[in-house]
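Inspection log for the structure reproduced underneath, given as structure tokens.
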Amino acid sequence: MAINTPKQTSHLKREILVRLIKSFLSDNFEENTRLIPYDMRPKGHEVPYRCCIYKERAILRDRAVAGLGLSIEKTDDSELLSTLAKKALERKEPEDKPLTVLTTACKGCVPARIYVTDLCQGCVARPCVNTCKFGAISVQNGKSVIDPAKCKNCGMCAQVCPYQAIQKIIVPCENACPVGAIAKGEDGHAKIDFEKCISCGKCVAACPFGAVHEKSQIIDVLKNIKAGKKVIAMVAPAIMGQLPCTPQQLKEAIQELGFADVYEVAQGADVTTKTEAAEFVERLEHGAEFMTTSCCAGYNELVDKHIPEMKPFRSDTKTPMYYTAEIVKKEHPDAVTVFFSPCVAKRREALQNPNVDYVLNYEEVGAWFIALGIQVAECSESKFKTEASAEARNYAVTGGVAKAVQTLLPEEIPAHPVIIDGLNKQSIRDLKKYAKNGMCELGNLIEVMACTGGCLGGNATVNAYKPALKQLTNYVNSSESLKSSEKIEK
Amino acid sequence: MDEKKISVKVCLGTTCFVMGSANLQELIETVPAKYGDKVDVMGVPCLGLCSIDWEFSKAPYVKVDDEVVKEATVEKVLKAIDEKLAQQEK
Ligand code: FES
């Protein structure tokens, strides 16, 4: 599948965010928030997507609920957006589960099932009838008919039909989820099972109705800035490929939003690289067959929830977010820290890390610039106090972490990297196999990225993949490499 | 017949970029490949359309000669170019 395909649903989600931010900054946050669905679909407005204007408004209202950082499932339809805005403003900390499903938008697709199309010729061979292990297919009036009570959705009949007349209808979110954590229930609504969910964000990207939302923390961040707190941004490396400006202009632009300072998370990635390289050497000297990286939050949650047998092989090194937040809190104990993220998985990680107070994704940051009318390309340049290495800045690209670690390894202990470029059912099976066998025949350093393409392919990125990669690579190439003097001694 | 080149300006200002022109950057490569030197295409800074009232919600904007394409998509822009070319032919 192509990474970051353009979607009309992103346009809607971003428009809501801009309107929420504008209403926060206005003199009547609660009332202006209540009006958002009416401003977007005023009386007499065309009805672009749904059956009627009332349904459009109802859905926009629910999207605004997610933008306020609340759970759509838990709010009652009768609650006004103004009441909910107040609730968002008063909360002390963000809600725990990072995703919420907009069930009103979710009715649109039919449950996953096998469907016999008109192409069925009612042939004599009838391989469908013969292969079905459950006796679910019979021929009626010269066409195959599936008995839904018996059908188990195995899809065997679709595979054997010589006319390709039988189709498997998929539910995009279910199909995209690599761990079976989202499913359409009896009521036709998709539901996320958070015991299984690894926050990889694939359902967010896959749903054609834009029904899966991240619960935004934008109101919390705006509130802290308004209160005059010292709020510090920690920007993950992928951001440098996201907006049409230089990294130094981006820093200035973020400061114009009201942030006191901006740290590159690549700074923490430099600590990760050193620690992880040393750990790799030590593990291999003690006879380990392989080690996996540990910087992707989606992968970490996968191991914790679904492949516990991988734990002994996963590096104990902390993530770049962890080290960066530690540095910031040490230098500024009074600061409120905000991690700028390309994906939803980092929200989960942040919830477990007391040094990270809030998370904003790149869509939210983009919406904030729009709300304030900031043109990033017109900002002056502001320098980062600490410059990160080229290798650290390249963490956002698939293969980048393994490459960085490799740079610091002694010659006697070389790494043979294996790159898992995106989690899916197959790559998860592979990982399970490596863990079970205690070895991986393909190499000894397994880098795992939950998103295809690495963080640049995250569900909340703004730029298309190719130009993002180009822009980030330019930045990497203009940065200083790690020195060979920093290599780990054997 | 007027031999004037058609000019296509893809707004890469921040508003348009975030609202979707990030995905229109491919036009800068595909348009010359498709139309040769009949069409001039480039990415430009903010066209000034997004800041008028609430018009950010109609971003991204693309200008095909003087015609403004709102909520632009690759398809819409190509269609606008084709129409302009057809007019010139007449
Ligand atoms: S950013 Fe495109 S018109 Fe302003």
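The values are calculated or read from the model by the stated rules, or taken from the named source; none is laboratory data. Quick caveat: nothing in here was measured; it's all calculated off a predicted structure. Cβ placement follows ideal geometry from the backbone for every residue including glycine, while neighbour counts extend to all protein chains displayed. Note: areas computed on protein heavy atoms with side chains; ligands, DNA, RNA excluded. Shrake-Rupley method; radii C 1.70, N 1.55, O 1.52, S 1.80 Å.
The table for this structure:
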| read-out | value |
| --- | --- |
| Around residue A:56: net Lys/Arg minus Asp/Glu count, Cβ-Cβ under 9 Å | +4 |
| Length added when fully stretched, residue A:429-residue A:126, from 0.36 nm per residue minus Cα-Cα | 105.7 nm |
| Per-peptide average of other Cβ atoms within 10 Å, ordering A:173-186, B:30-43 highest first | A:173-186, B:30-43 |
| Per-pair calculated FRET efficiency, R0 = 30 Å: residue B:5 and residue A:387 via Cβ, rounded to 0.05 | 0.10 |
| Extension gain, residue A:378 back to residue A:55 (0.36 nm per residue minus Cα-Cα distance, nm) | 112.3 nm |
| Calculated FRET efficiency for the pair residue A:169/residue A:77, C-beta based, R₀ 25 Å, to 0.05 | 0.25 |
| Three-way shape call for chain A based on the alpha-carbon gyration tensor, with the a/c threshold at 1.5 | oblate |
| Positive minus negative residues near residue A:313 (Lys, Arg vs Asp, Glu; Cβ under 15 Å) | -4 |
| Mean Cβ count within 10 Å, highest first, over the residues of peptides A:91-102, A:434-445 | A:91-102, A:434-445 |
| Heavy atoms of residue A:114 accessible to a 1.4 Å probe, total area in Å² rounded to 10 | 10 Å² |
| Shielding score for B:10-17, defined as the mean number of other chain Cβ atoms within 10 Å | 6 |
| Cα-projected label distance for residue B:54 with residue B:34, points at 7 Å along beta-carbon direction, nm | 3.3 nm |
| Rounded to 10°, Cα long-axis angle of helix B:74-89 versus longest principal axis of chain B | 40 degrees |
| Calculated [θ] (222 nm, deg cm²/dmol) that DSSP helices of n ≥ 4 give over the protein assembly as shown, each run adding -39,500 (n - 2.57) | -11000 deg cm²/dmol |
| Projected label distance in nm at residue A:119 and residue A:441, using a 7 Å step from Cα toward the beta-carbon | 3.7 nm |
| Flagged links, alpha-carbon separation over 19 Å, of A:251/A:385; B:9/B:58; B:34/B:70; B:9/B:70 | B:34/B:70 |
| Residue-averaged beta-carbon neighbours from other chains (10 angstrom radius) around A:361-374 | 3 |
| Subset of A:43/A:184; A:150/A:425; A:196/A:223; A:107/B:79 violating a 29 Å alpha-carbon distance limit | A:43/A:184; A:196/A:223; A:107/B:79 |
| Cα pair count fraction exceeding 18 Å, expressed as % - region A:22-168 | 67 percent |
| Square roots of 5 times each gyration tensor eigenvalue, C-alpha, region B:23-90, largest first, Å | 22, 14, 10 |
| Net +/- balance of residues flanking residue A:377 in space, Cβ distance below 14 Å, scoring K and R +1, D and E -1 | -3 |
| Sequence-distant residues sharing a close amide H with residue A:341 (under 5 Å, placed H) | A:360, A:361, A:362 |
| For a label point 7 Å along the Cα-to-beta-carbon line of residue B:44, residues of region A:374-393 with backbone N under 20 Å | A:374-379 |
| Extension reserve of the residue A:278-residue A:39 stretch, reckoned as 0.36 nm per residue once the Cα distance is removed | 80.4 nm |
| Phi to ³J(HN,Hα) by Karplus 6.51 cos²θ - 1.76 cosθ + 1.60 over region A:22-30, Hz, x for Gly, Pro | 4, 6, 4, 7, 7, 8, 9, 4, 5 |
| Span from the region A:279-326 Cα centroid across to the region A:111-163 one, whole angstrom | 46 Å |
| Other protein chain Cβ atoms within 10 Å, averaged over every residue that makes up B:21-28 | 5 |
| Residue A:115 accessible area, 1.4 Å probe, all protein chains in place, Å² to nearest 10 | 100 Å² |
| Rounded to the nearest 10 Å², the accessible area of residue B:54 at probe 1.4 Å | 100 Å² |
| Euclidean distance between Cα centres, region A:411-490 to region B:1-56, Å | 35 Å |
| Residues residue A:107 and residue A:473, FRET efficiency given R0 of 35 Å [Cβ-Cβ distance, rounded to 0.05] | 0.25 |
